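Okay, so here's the structure we're looking at.
The values are calculated or read from the model by the stated rules, or taken from the named source; none is laboratory data. Just so it is clear, the structure is predicted and the values come from calculations on it, not from any experiment. When we count neighbours, we look across all protein chains shown, and the Cβ atoms used for this are built from the backbone with ideal geometry, even at glycine.
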Amino acid sequence: MPQRVPARVGDPVDAIDTPALVLDLDAFERNLDRMAAASNGLRLRPHAKSHKCAEIARAQIARGAVGICCQKTDEAVAFVSAGIHDVLVTNEVVAPAKIERLVELAREATLGVLVDAATPILTLSNAAAAADVVVIDVGAHRCGVASGEVAVALAQEIAAAPGLRFRGLHAYHGAAQHLRAPEARTAAIAHAAALAGHARDLIEGAGLICAVVTGAGTGTWQHERDSGVWNELQPGSYVFMDADYARNTPGPHDVHFTQSLFVIASVMSVPSHERAIADAGLKAFSFDSGLPLVHGREGVEYARASDEHGVLALHRDAVPLALGDRVWLVPGHCDPTVNLYDWIVGYRAGHVESVWRIEARGALG
């Protein structure tokens, strides 16, 4: 059952039905503008798995992004259906049913997909679905080939496969995004740049054109931008930010992005002056990166959660909470929290300005 629309354009923010996913449009637009200005002429292809929302993708493209990334074929379907026509699926696609979906999408949009093994190349070629990017392991130890030499062999197979076009390398160091110390992030991407640059050079030395080296995330994109290796950047969470990114110590020259995404919850019970219960629990947030933070209320902590309840602990000097009070909560991890909602409510100057559908919400396939 789709979630009820939590607000209407023009409503006061206090009238938004809770729990609701809300967006500070001023902060959001500053984040968009800062990334567009700071990309220094490199191609920007933001990762849409963070927001799953076509309106946000359109706002990014309007500011110069060449297209978007997504992680699942069903996400790609949702975005192409909404009119986004340049999509890179930053994942390996192996299942025949998923490849059939890519074939259909490739008739409507420019589509890229990753490979890190030879077998899917033949399947994709038979389907003539997409241009291909070889993914290399630059330190995350998730997917990806282990050496530049293997990358060359895969690139050659792609280039020789009917219906496919080799475009370049995908080099994303996910584990580096939340290294807390700036020096650790710098070192991790320097290592990744050496691996990606070596693979690129080997591919071009074999006579192929490696037109794109794509990757980067919100925690490290400035390092990839300045590396001389990457020419396309994929940050995603910068549009929203979250509590996990707030734990990173910024470097002296880091571009600052503002927290724009919140979950509004309502106080539904006040059992004591030290404890209040809000209507946003385990089903309202992703807890993989810890508990949400309480925004704008000194001395109030989100202490624990059950399915439908969030327990708020009040310090002795905190302003008491009353039934019906609103609390603004910063998610620990924005991407999977967004995936729990059908709507994102944009507000400005105390009133609802937009209500956007999260079209790719729940797109797991």
Given the criteria among the β-branched types (Val, Ile, Thr), more than 21 Å from Asp86 (Cβ to Cβ) and in contact (Cβ under 8 Å) with a residue 12 or more places away in the chain, does Thr119 qualify?
yes
Of (1) under 20 Å from Ala313 (Cβ atoms); (2) touching a residue at least 12 places away in the same chain (Cβ under 8 Å), Thr249 fails just (1)
I need the full set of residues from region 220-257 which are among the small types (Gly, Ala, Ser) and in contact with a His (Cβ under 6 Å, 6 or more places away or on another chain), in order please.
Gly236
Positions within region 329-363 being of a type outside the set (D, E, K, R), in a strand (DSSP E or B) and under 18 Å from Val239 (Cα atoms), in sequence order:
Leu329, Val330, Trp343, Ile344, Val345, Gly346, Tyr347, Ser354, Val355, Trp356
Which residue out of Ala97, Ala78, Ala117 is within 18 Å of the chain's Cα centre (by Cα) and of a type in the set (Gly, Ala, Ser)?
Ala78
Just checking, which of Ala360, Ala276, Ala265 is of a type in the set (Gly, Ala, Ser), at pLDDT 95 or above and farther than 24 Å from Val13 by Cβ?
Ala360
Among Ala199, Ala216, Ala190, which is in contact with a strand residue (DSSP E or B) (Cβ under 6 Å, 6 or more places away or on another chain) and free of Cβ contacts under 8 Å to residues at least 60 places away in the same chain?
Ala216
